[in-house]
Amino acid sequence: MKKNLTILPADTYTVINKTVLSSNDRKIITMLYQPIIGYTASSLYFSLIDDLDKLELISDDLTHHHLMANMQLKLDKIVEAREKLEAIGLLKTYLRKDSINHYVYLIYSPLSANEIFNHPILNIVLYNNLGKIEYDKLLNYFKIPRINLKDYEDITVNFDDVFSPIPGKSNIVNEDIIKKDTNSLILNECIDFDLLISSIPTEMINSRCFSSDIKELINSLAFTYNIDDQTMISLVRDSINEKGLIDKTILRKSCRNYYQFEEGGRLPTLVYNKQPDYLKKPEGDMSKWARMVYTFENISPYDFLKAKYKGVEPTSRDLKLVENLLIDQKLQPGVVNVLLAYVLKINNQKLNRNYIETIVGQWKRLNVETVEDAMNITLKEHKKLKKIMSKDQKVKLKKENKESLPAWFDKDIDKINPTDDEKLELDNILKELV
């Protein structure tokens, strides 16, 4: 992973358009890319396009302060959004170091809807982020209507039926003419291809078997389905056809079937997602409450669980429970973090599925989407419970649970600045952030 340098508001940048952007491209960014990269990254993409000149070819030299003012975002959020655009292939960044560093941002077109819906990674992420109902709506929107032409005759004319040849210079070459251009989604190598290729007998394969596009597909599938070298060797061998070439369709199905068998029929998990930007609390508040909200919003449920378990890998049972909350119950990642923290705190560090499902049912009926909503509702429900208890029960509850209630149950928490120890505890959780 490339280490990013510190970027300053005074650092300048130039935007260069490497493609031809259509209105359909803008629709694809909003409808298909935004559910994957988030609103902020999509907004940055369009902001950079708006920086281009009237011919939409190149911008003037601009400062990053200009971007901060236009987008009303801090620079670290802009950099985070920029990296998402780079990772997904919509942007390439070049840097010239100087007293004032200068960046060049190359803009690329999005993939077509057909390419996204058939991509080994993007298609899966899109499905998981949207859920089946919204995914199917999008799929139907981009589907081409089928018309039965069996009873029709193709009467389309050819070029030379209309135009006559014109003698003249035949070797005219025009370079650097703008054209629609996309950039590949780039992954680090997940598979040892030297080991993979050497493990398959040469008599089984054609010399063109491991082309660059096949390697890219294998690497993407290994990333998407978390497949190790030895397993991938077996899956690749089983997908080689009689011509000694890899059948892409068979390989895709084999990888998917392997993952679903290993994971009890589930598709790749959402447990690594974080709270969407549009559901986050604005920054600036330094109270203990705000620090807790920030922590829940900016860590994935996987990393949160791992941090709570002192760096130990969460159990498959716990991960499946979290996956159910995200996929089947459609809770937001930050909300899931609050739920996990609450249940672990009041239930002796155990995740009781039945108890969790009872809470989830209520939260879904109340349409709880933000971290603050989740924290407030746990506080409200606890107060209700105390009201219906007898005096003796309240005394017992107070005695037993005084130290086991979540910190946000403190009525004055929004006025309290965290202690050094509390800051350290929250920072230890945040260290799990990518």
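The values are calculated or read from the model by the stated rules, or taken from the named source; none is laboratory data. This one's a predicted model, so the numbers in the text were calculated from it and none came from an experiment. Note that each Cβ is placed from the backbone with ideal geometry, even for glycine, and that neighbours are counted across all protein chains shown. For the accessible areas, the whole protein counts, side chains as well, though only heavy atoms, and no ligand, DNA or RNA atoms are used. Shrake-Rupley method; radii C 1.70, N 1.55, O 1.52, S 1.80 Å.
For the stretch 34-91, a residue qualifies if it is free of Cβ contacts under 8 Å to residues at least 40 places away in the same chain, surrounded by fewer than 16 Cβ atoms within 10 Å (Cβ to Cβ) and outside any helix (DSSP H, G or I), and the qualifying residues are Asp53, Lys54, Leu55, Gln72.
Every condition in (1) under 17 Å from Ile250 (Cβ atoms); (2) free of Cβ contacts under 8 Å to residues at least 40 places away in the same chain; (3) touching a helix residue (DSSP H, G or I) at 6+ places or on another chain (Cβ under 9 Å) is met by Ile200 except one, and the failing one is (2). When Ser220 is tested against (1) farther than 13 Å from Tyr258 by Cβ; (2) at pLDDT 85 or above; (3) hydroxyl-bearing (Ser, Thr, Tyr), exactly one condition is not met: (2). Checked against (1) under 16 Å from Ala374 (Cα atoms); (2) out of contact with any Leu (no Cβ under 6 Å at 6 or more places or on another chain), Thr295 meets all criteria but (2). Say whether the condition of being touching a Pro at 6+ places or on another chain (Cβ under 7 Å) and either surrounded by fewer than 17 Cβ atoms within 10 Å (Cβ to Cβ) or under 20 Å from Thr224 (Cα atoms) (or both) is met by at least one residue in the stretch 94-117. Looking through the stretch 94-117, none of the residues is touching a Pro at 6+ places or on another chain (Cβ under 7 Å) and either surrounded by fewer than 17 Cβ atoms within 10 Å (Cβ to Cβ) or under 20 Å from Thr224 (Cα atoms) (or both). Taking the numbered list (1) without any contact (Cβ under 8 Å) to a residue 60 or more places away in the chain; (2) touching a Ser or Thr at 6+ places or on another chain (Cβ under 7 Å); (3) over 22 Å from Asp181 (Cβ atoms) in turn, Thr12 passes all entries but (1). Only one entry of Asp213, Asp238, Asp228 meets the criterion of being open to solvent by 40 Å² or more (accessible area, probe 1.4 Å), under 29 Å from the mean Cα position of the chain (by Cα) and within 19 Å of Glu262 (Cα to Cα), and that entry is Asp228. Within the stretch 319-350, being farther than 20 Å from Lys274 by Cα and not in a helix (DSSP H, G or I) holds for Asn347, Asn348, Gln349, Lys350. The residues of the stretch 312-370 that are of a type in the set (Ser, Thr, Tyr) and open to solvent by 50 Å² or more (accessible area, probe 1.4 Å), listed by number, are Thr315, Ser316, Tyr355, Thr358.
Scanning the stretch 297-339 for residues that are of a type in the set (A, V, I, L, M, F, W, C) and touching a Pro at 6+ places or on another chain (Cβ under 7 Å), we see that the one that is farthest from Pro282 (Cα to Cα) is Val322. Only residues that are within 14 Å of Pro120 (Cα to Cα) and open to solvent by 30 Å² or more (accessible area, probe 1.4 Å) were counted across the stretch 243-253, and they come to 5.
Restricting attention to the stretch 312-358, the residues that are of a type in the set (Lys, Arg) and touching a residue at least 24 places away in the same chain (Cβ under 8 Å) total 4.
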